Amino acid sequence: MKTILHILTIAFIALLIVSCSSNDDSSEGTTVYGTIQLSGSDTSSLGNTLSVGNIDADALDNTGTSSSVVLSDENTSFVNGEPNISDLLNGFVIVAAEFSTTGSADVQKAISMTILKNGEEFSYVCSTPATSAADNTDCGTGFSVDKVAKVVVFDNTTVINVDTATILTMDGTINYD
């Protein structure tokens with residue numbers, strides 16, 4: 001089983017993959033609907049919303065769990081399971097994962113998120129329960145990934161900025177087909 005550290009680095013690695021990505025603009029045909037409302041002091045730099053335009057619903061190979069998805073803005077598509085970021089000034093990639101509570105999983109849920117705003121990078125993480133790999137920030141009980149219903153819920157979900165330790169709260173429901 002892949003470790004939480006692997007999952008928390010996926011969003012950071014996604015930015016590096018851009019330089020090696022193909023220019024193939026094909027998408028997986030998934031329609032995504034939803035906006036994530038943001039609150040916290042970082043919204044003065046980020047804005048108050050993230051509009052989800054693309055999803056990799058089959059993120060098992062990149063995250064190590066079948067109960068994970070990778071969400072992105074409308075300009076970031078997925079080519080062969082890898083983010084293809086076309087706007088390096090503004091965009092985002094969110095890795096949202098749940099792990100089986102049976103077995104030896106230490107972490108039940110995790111989020112790793114990178115937001116690019118006017119060329120500046122903001123990175124956030126959380127895990128449930130809180131771990132040192134996620135800067136001891138618990139995602140909260142309102143975060144879930146339901147692959148059967150094809151919905152990701154952020155309800156008072158908290159993530160921490162890995163550089164400044166400021167908390168960003170996420171609220172929204174993302175539906176996909």
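No lab work stands behind these numbers, since they all come straight from the coordinates. As the structure is a computational prediction, the values presented were derived from the model and not from experiment. FYI the Cβ positions are ideal-geometry reconstructions off the backbone, even for glycines, and counts take in every protein chain you see.
Once the chain from Thr166 to Asn136 is taken as fully extended at 0.36 nm per residue, the excess over their C-alpha distance is 9.6 nm. Take the Cα of Asp177, step 7 Å toward its Cβ, do the same at Ser44, and the gap between the two points is 4.3 nm. Computed 3J(HN,Hα) for the range 157-170, one whole-Hz value per residue from the Karplus formula 6.51 cos²θ - 1.76 cosθ + 1.60 where θ = phi - 60°, is 7, 10, 10, 10, 6, 5, 9, 10, 6, 7, 8, 10, 9, 10, glycine and proline marked x.
What is the extension gain from Ser51 to Asn90, computed as 0.36 nm multiplied by their sequence separation minus the C-alpha to C-alpha distance, in nm to one decimal?
Details: separation 39, 0.36 × 39 = 14.04 nm, distance 1.19 nm.
Working it through step by step, the gained length comes to 12.9 nm.
Amide H contacts under 5 Å for Ser77: Asn84, Ser86, restricted to partners 5 or more places along the chain or on a different chain, H placed in the peptide plane at 1.01 Å from N. At full extension, Val148 and Glu121 could sit 6.5 nm farther apart than now, given 0.36 nm per residue minus the alpha carbon distance.
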